[in-house]
Amino acid sequence: MGVATDRVGTGTLARPAEQSSASALKGDGLGRPEDAPRTTQRDDSLANHPAASTDKARNGAPEGAPFQTELELFRAFVKAGQRLAKIHVHYEQQPEYPLTKREKEGEKLDYRVTKMRLSKDKTMLTYNQFLTLSGIPPETYEYRLGNRSALEWIIDQYQVSTDKRSGITNDPNRDDDKGYILRLIGQVITISVETVKIVNSLPPLGLPEASVIETATTAN
């Protein structure tokens, strides 16, 4: 039998989920008596979470204040998650980061890649012998896919290579969209920078620092 609870997350005052709607709507609509207090207090399971005391101290909220901060925290993470999902799922629709493009004089217009290379300081990318891109922001490398940034993954994967065993050549260039890889690089940088910005703007959860956790683990 399913169980619905009267307090968020506490499991107290349980009642059958199939209770009639007429009965459920008595009182305040949550199954409580009509004369029950109408303000939800900080008696939910999140009230003892470290984030609750942190938020309370930050906002100067008195003991027993409504648990608005947890809801606001939840909404902040939901909003961030929605934004991240949008830019990552629709990555090809994102604007290109405004890089400085330097074309080599005397070379024919060419957007094909063979193997791209980053400069030592990673602020400049040699796209091919015709084109060089500069002005790559450092935040680009803070968003990582495993042990490397998304941009470095693109550079590694989008190159012409031939498998020694089969002799099959992998060529990422598109004859029907010659500027695709160039455009993709700008979009990946935009997504990387925006991802770092969104993650860094999230409110703190009030969890122990990693160093504290490691120390406690070592002590045990």
>> Beyond a 21 Å Cα-Cα separation, which of these cross-linked pairs lie in this structure: 108/178; 86/122; 115/178; 86/197?
In response: 86/122
> In nm, to one decimal, how far is the residue 90 label point from the residue 107 one, both placed 7 Å along Cα→Cβ?
Replying inline: 3.5 nm
> Taking all pairs of different Cα atoms in segment 91-200, averaging 1/r and flipping that mean, what Kirkwood radius in angstroms comes out?
Replying inline: 14.8 Å
> Distance from the Cα centre of segment 133-154 to that of segment 160-175, in angstrom?
Replying inline: 24 Å
> When only DSSP loop residues count, what trypsin sites (Lys or Arg not before Pro) in segment 65-117 have their Cβ near at most 12 other Cβ atoms within 10 Å?
Replying inline: 104, 108, 115
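No lab work stands behind these numbers, since they all come straight from the coordinates. Predicted model, so just to flag it, every value in this text is computed and none were measured. We place every Cβ from the backbone using ideal geometry, glycine too, and count neighbours over all the protein chains shown.
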